[in-house]
Protein chains: 2
Amino acid sequence: MAETGVELLSSIDDLRGGVRVDMKEAVDPNIFSTSLKASISHWRQQGKQGVWIKLPIELSSLVDAAVKEGFRYHHAESDYLMLVYWIPDTVETLPVNASHRVGIGAFVTNHKREVLVVQESRGMFRGSGVWKLPTGVTNEGEDICDAAIREVKEETGIQTEFVEVLAFRQSHQAFFSKSDLFFVCLLKPHSFDIQKRDSEVAEAQWMPVEEYAAQPFNQKNEMFNLIAKVCLAKLDTGYVGFSAVPATSTSGKRNYMYCNNLYMGFKTSSTNNQP
Amino acid sequence: MAETGVELLSSIDDLRGGVRVDMKEAVDPNIFSTSLKASISHWRQQGKQGVWIKLPIELSSLVDAAVKEGFRYHHAESDYLMLVYWIPDTVETLPVNASHRVGIGAFVTNHKREVLVVQESRGMFRGSGVWKLPTGVTNEGEDICDAAIREVKEETGIQTEFVEVLAFRQSHQAFFSKSDLFFVCLLKPHSFDIQKRDSEVAEAQWMPVEEYAAQPFNQKNEMFNLIAKVCLAKLDTGYVGFSAVPATSTSGKRNYMYCNNLYMGFKTSSTNNQP
């Protein structure tokens, strides 16, 4: 309760000199507006900088009130909207929003020089007859190396081990103003019988790599052509991609650094997972 | 105007069987709600799938009405909120939201085996005495190779040319539930006098690489230690990173594929930009 008798919003301090409000209970927009005004005044006196308000989608009736008090959008997910307000007269130093989607393509070959390919049941390749590498998008918090293994399993039932990132591609305006990073991963199969396919995949098979690379689609599209060439180079030359090297960050979390391990000799995820 | 006499929302068809509404003019939330209801019914009859509504922040009073009609949030930027509604009874196949922020670190050395380093004026390293590589976040639609050149210029005034990505790191929960991809780039300097610094940088200098790598911070933090080792390997061994190879996509846009060009001999951005 502030001196004015108005109930202040409950907040927690963040690590960057600001505060965060997690709205959970429904409240009348007018009452919210009054509380927010009083709270901003209180935080300003305390020298707080960025103010974050997380509004679950159930509380969409409060969005307008927050904007009217000077908040702007920061980011949104399906079920919530994050708004932010910078109190001081200094330059804003808030973290930027996410700008990229991260996808993977999996290059998996067997001992007969065949590559694991699929035909998609939807999307731009549906009904085109194009055989392509299994692809997919990383889930929230998922590592590139794990996403590649998961997608191959989901689309073909094949169990694999991550070896290295062969190449990656950055593209822009992939959806709205957002960008896309696509990592082509080399995986080693631990099984060979194609058994399971999710609904996104119409067909899956092992196909001679030369036949895969020679498809008109791969020939006509410059980017796909480059990627196919890199995959072939991996089979036929000393091509070295980037291995996944596990490391602990300052905050104690395990992350991966991807690098050319030929000269480094770091312990990689692949050697760790070897059965 | 629908048969009911209710004004339908103006929309354009998208390439995925859906429609997109760009709200621009202010309208009473109740009128918007009625129009939206009639429009959804109309689109359903037409067999449309995903419905996108872009609401500029000035029209925040309409957010609640859209949510009440069954829309969910897709993503938001500072000045707008994108909502989406999936009409059919089939599984939703809408593009996912962006999940990653993309940052760069620049490794720039001169002929005296010195590396270009900075001390930050804010953030977690402020006042710590730590000398670190120039770093930054890519702008909307900016390529990794261009972002590295820009950040070095902004922070130190040094003009550079992009050579290759030496390594990259993926980390999660970097801000809220979002992830981070950080690319360590090797750049070749075209100038050596440190002249300009933006407000984020307190100091900048050329520092012997061994001294840089030996800093307690680089020794204690496993991830930073790995990155420093890769940088040193680039100077002392045959370490090869990923070059930027320009390629045209199906839609005619120029994108970069990054790969180990040692065995490929592709024309790279570096050879293109050579003065």
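The values are calculated or read from the model by the stated rules, or taken from the named source; none is laboratory data. Everything quoted here is computed from the prediction, not taken from an experiment. A quick note on method: Cβ atoms are made from the backbone with ideal geometry, for glycine too, and the neighbour counts reach across all protein chains shown. All accessible areas refer to the heavy atoms of the entire protein, side chains included, with ligands and DNA or RNA removed. Shrake-Rupley method; radii C 1.70, N 1.55, O 1.52, S 1.80 Å.
Taking the listed residues A:Ser199, A:Ser243, A:Ser249, the one that is among the hydroxyl-bearing types (Ser, Thr, Tyr), assigned by TED's automatic domain parsing to the domain that holds A:Lys132 and free of Cβ contacts under 8 Å to residues at least 24 places away in the same chain is A:Ser249, with no other qualifying. Across the range B:215-244, the number of residues qualifying as open to solvent by less than 10 Å² (accessible area, probe 1.4 Å), in contact with a Leu (Cβ under 6 Å, 6 or more places away or on another chain) and not in a helix (DSSP H, G or I) comes to 1. Among the conditions (1) open to solvent by 30 Å² or more (accessible area, probe 1.4 Å); (2) within 17 Å of the chain's Cα centre (by Cα); (3) closer than 24 Å to B:Trp52 by Cβ, the only one that B:Ala174 does not satisfy is (3).
The residues in the range A:149-171 that are touching a Pro at 6+ places or on another chain (Cβ under 6 Å), open to solvent by 10 Å² or more (accessible area, probe 1.4 Å) and either outside any strand (DSSP E or B) or among the charged types (D, E, K, R) (or both) can be counted, and the count is 1. For A:Glu120, the stated conditions do not hold, so it cannot be described as more than 9 Å from chain B (Cβ to nearest Cβ), touching a Pro at 6+ places or on another chain (Cβ under 8 Å) and surrounded by 16 or more Cβ atoms within 10 Å (Cβ to Cβ). Within the range B:90-104, the only residue that satisfies the criterion of being at the interface with chain A (Cβ under 7 Å from one of its Cβ atoms), buried (at least 23 other Cβ atoms within 10 Å of the Cβ) and either touching a helix residue (DSSP H, G or I) at 6+ places or on another chain (Cβ under 9 Å) or over 25 Å from B:Asp146 (Cβ atoms) (or both) is B:Val102. Of note, A:Phe182 does not satisfy the criterion of being open to solvent by 10 Å² or more (accessible area, probe 1.4 Å), assigned to a loop (DSSP other than H, G, I, E, B) and touching a Phe, Trp or Tyr at 6+ places or on another chain (Cβ under 9 Å). In this entry, B:Ser11 passes the filter for residues that are among the polar types (S, T, N, Q), over 16 Å from B:Arg72 (Cα atoms) and in contact with a strand residue (DSSP E or B) (Cβ under 7 Å, 6 or more places away or on another chain). If the condition is being open to solvent by 10 Å² or more (accessible area, probe 1.4 Å) and part of a strand (DSSP E or B), then the range A:69-87 contributes A:Arg72, A:Glu77, A:Tyr80, A:Tyr85, A:Trp86.
Among the residues of the range A:185-214, which ones are open to solvent by 20 Å² or more (accessible area, probe 1.4 Å) and closer than 19 Å to A:Glu120 by Cβ? Those that are open to solvent by 20 Å² or more (accessible area, probe 1.4 Å) and closer than 19 Å to A:Glu120 by Cβ: A:Ile194, A:Gln195, A:Lys196, A:Arg197, A:Asp198, A:Ser199, A:Glu200, A:Ala202, A:Glu203, A:Gln205, A:Trp206, A:Glu211.
Looking across the range A:10-32, the residues that are of a type in the set (Gly, Ala, Ser) and buried (at least 17 other Cβ atoms within 10 Å of the Cβ) come down to A:Ser11, A:Gly18. For the range B:244-260, give me each residue that is under 15 Å from B:Val165 (Cβ atoms) and more than 7 Å from chain A (Cβ to nearest Cβ). The answer is B:Ala244, B:Pro246.
Tell me yes or no: at least one residue of the range B:202-214 is within 19 Å of the chain's Cα centre (by Cα), more than 20 Å from B:Asn260 (Cα to Cα) and in contact (Cβ under 8 Å) with a residue 12 or more places away in the chain. For the range B:202-214, residues within 19 Å of the chain's Cα centre (by Cα), more than 20 Å from B:Asn260 (Cα to Cα) and in contact (Cβ under 8 Å) with a residue 12 or more places away in the chain: absent.
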